[in-house]
1. Which residue is surrounded by the fewest Cβ atoms within 10 Å (Cβ to Cβ), if the candidates are limited to segment 164-180 and must be more than 11 Å from residue 154 (Cβ to Cβ) and of a type in the set (Ser, Thr, Tyr)?
2. State which residue pairs qualify: first residue assigned by TED's automatic domain parsing to the domain that holds residue 213 and inside segment 140-157, second residue part of a helix (DSSP H, G or I) and among the basic types (Lys, Arg) in any location, beta carbons under 8 Å apart, and separation of 6 or more residues or different chains.
3. Consider residue 156 carefully, then state whether it is surrounded by 20 or more Cβ atoms within 10 Å (Cβ to Cβ) and at pLDDT below 95.
4. I want to confirm something. Restricting to segment 107-135 and keeping residues that are of a type in the set (Asp, Glu) and under 14 Å from residue 180 (Cβ atoms), which single residue is nearest to the chain's Cα centre (by Cα)?
5. Do the conditions hold for residue 192, that is, is it surrounded by fewer than 20 Cβ atoms within 10 Å (Cβ to Cβ) and either of a type outside the set (A, V, I, L, M, F, W, C) or within 23 Å of residue 128 (Cβ to Cβ) (or both)?
6. Which count do you get for residues in segment 193-243 that are small (Gly, Ala, Ser), under 26 Å from residue 93 (Cα atoms) and assigned to a helix (DSSP H, G or I)?
Amino acid sequence: MRKVYLSLLIVSLFSGLLVSWQLRANLIAEAQAKQEPSLVDIIKSLEQEDAALEETIAKLRQDIDNLQKDSSQGQGRLAQLQKELETLRLYAGLVPVAGSGITVVVDDNNAGAQAAQKSSPATYRPEDYIIHDKNVLYLVNDLKNAGAEAIAINGLRLVTTSHIRCVGTVILVNSTRIAPPYEIQALGDPEALTAALQQSLEYAYLKSRDFPIKITTATEMVLPAYNGVFPSEHLRLLQAGGH
């Protein structure tokens with residue numbers, strides 16, 4: 001009987017251990033089962049954060065692309081404005097220019113003045129034998145009408161506000177005194193400029209009065225930039241609305 005009780009005790013203990021292990025396994029499984037949703041939630045949360053970061057990165061990349069495009073467009077616009085500015089400076093005479101053209105040199109009639117002074121001192125008038133501002137101005141206008149694209153007198157570039165006038169016996173160009181001989185340079189078609197000038201009334205007048213005048217052509221000549229100021233004492237900016 002004692003052996004039977006001992007066997008039953010061993011079986012009972014073993015069964016208890018099995019039950020205890022089973023219960024422990026069940027408890028562990030339940031704990032794992034309870035923890036699994038939390039892990040899934042964490043994973044989902046991380047995935048959502050990753051997705052949000054990816055969207056942020058994509059947006060930043062798009063912003064960079066937009067900035068690069070804007071910068072490129074801005075550079076293109078800046079280059080266009082710079083080109084327009086250079087063109088306006090060219091038209092305004094603010095940059096040196098080169099090209100084909102003619103040079104007209106006209107001088108006082110010193111030989112005629114000396115001869116007249118000797119032969120007829122009573123009627124001699126010095127002003128009849130010198131080049132006046134109007135003579136230079138008429139030649140310049142003839143060149144402009146013939147299509148001259150740029151003009152300089154004795155190295156002084158003419159612009160839209162330039163003036164040619166006399167102060168006593170001195171000719172002023174852009175408020176600078178110049179002395180004879182007067183060298184007028186004009187860029188344009190040399191043949192057309194020469195033909196137009198030789199057919200002009202002023203050229204015929206100067207030749208008839210024996211004023212030395214000579215025309216030479218050149219395939220390449222350089223005219224300086226205008227280095228004066230533009231008058232603006234009567235100008236004002238037009239505000240929005242025309243006021």
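The values are calculated or read from the model by the stated rules, or taken from the named source; none is laboratory data. These figures come from a predicted structure and were not determined experimentally. In this analysis, Cβ positions are derived from the backbone assuming ideal geometry, glycine residues included, and neighbour counts consider all displayed protein chains.
1. It comes out as 169.
2. Every condition considered, the pairs that remain are 151/144.
3. It is true that residue 156 is surrounded by 20 or more Cβ atoms within 10 Å (Cβ to Cβ) and at pLDDT below 95.
4. First, pick out the residues of segment 107-135 that are of a type in the set (Asp, Glu): 107-108, 127-128, 133.
Subset that is under 14 Å from residue 180 (Cβ atoms): 107-108, 127, 133.
Details: 107: 41, 108: 44, 127: 49, 133: 37 Å.
The residue in question is 133.
5. Criteria not met by residue 192.
6. 2
Rundown of residues vs (1) under 36 Å from the mean Cα position of the chain (by Cα); (2) closer than 28 Å to residue 127 by Cα, yes/no style:
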site: 156; (1), (2): yes, yes
site: 159; (1), (2): yes, no
site: 179; (1), (2): no, yes
site: 188; (1), (2): yes, no
site: 206; (1), (2): no, yes
site: 210; (1), (2): no, yes
site: 217; (1), (2): yes, no
